[in-house]
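The block underneath contains the structure these notes are about, expressed in structure tokens.
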Amino acid sequence: MAKKKYEFKPNDFVVYPAHGVGKITAIEEEEVAGFALELFVIAFEKDKMTLRVPTNKVADVGMRALATADVVGDAMKTLRGKAKVKKAMWSRRAQEYEQKINSGDLIAIAEVVRDLHRQDDQREQSYSERQLYEAALERLTREIAAVAGNDEDAAQAEITEVLVSRAA
């Protein structure tokens with residue numbers, strides 16, 4: 001069997017929409033229901049989780065390479081913008097935020113962080129708002145850290161600085 005050419009290789013960082021940034025640790029071959037399947041083995045360190053994605057299903061599940069520096073720049077621009085909070089019911093907005101977070105799109109995730117960020121002088125967030133905000137912030141932080149090649153604390157500080165500076 002000839003070796004196939006992959007878009008990803010071991011030790012590459014990838015974004016899996018439902019889980020965020022992971023690292024491909026191997027490409028394995030497994031037999032499932034009598035069929036030989038080639039799988040990307042993706043480790044999500046923070047979540048202590050390993051995911052196996054069939055190599056032929058990468059496009060279907062929306063797995064992608066890390067964002068480019070340009071996309072990160074656009075995400076930061078999005079964070080600097082004014083929060084756009086729709087007047088829809090919270091359940092509808094929460095559903096939209098959840099979809100944006102799980103889309104894996106860095107700009108959409110930045111929009112959620114921007115829209116749900118609260119200054120100290122603003123009203124307090126509800127539990128569900130805070131959960132969505134923290135999930136989006138974590139996804140954004142992990143990807144920016146992976147793109148920049150530095151730690152998550154530095155990326156978190158950069159994001160916080162942008163969010164605080166827009167209010168000043």
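The values are calculated or read from the model by the stated rules, or taken from the named source; none is laboratory data. Predicted model only: the values in this text are computed from it and were never measured. Backbone-built Cβ (ideal geometry, glycine too); neighbour counts: all protein chains shown. SASA here: full protein model, heavy atoms, side chains in, ligands and nucleic acids out. Shrake-Rupley method; radii C 1.70, N 1.55, O 1.52, S 1.80 Å.
Within the range 59-88, the residues that satisfy the criterion of being β-branched (Val, Ile, Thr) and either in contact with a Cys (Cβ under 7 Å, 6 or more places away or on another chain) or at pLDDT 85 or above (or both) are Val61, Thr68, Val71, Val72, Thr78. Among the residues of the range 127-168, count how many are hydroxyl-bearing (Ser, Thr, Tyr) and modelled with pLDDT under 85. So the count comes out to 1. Considering the range 41-59, and only residues there that are assigned to a helix (DSSP H, G or I) and more than 13 Å from Gly104 (Cβ to Cβ), the residue that is least open to solvent (accessible area, probe 1.4 Å) turns out to be Thr55.
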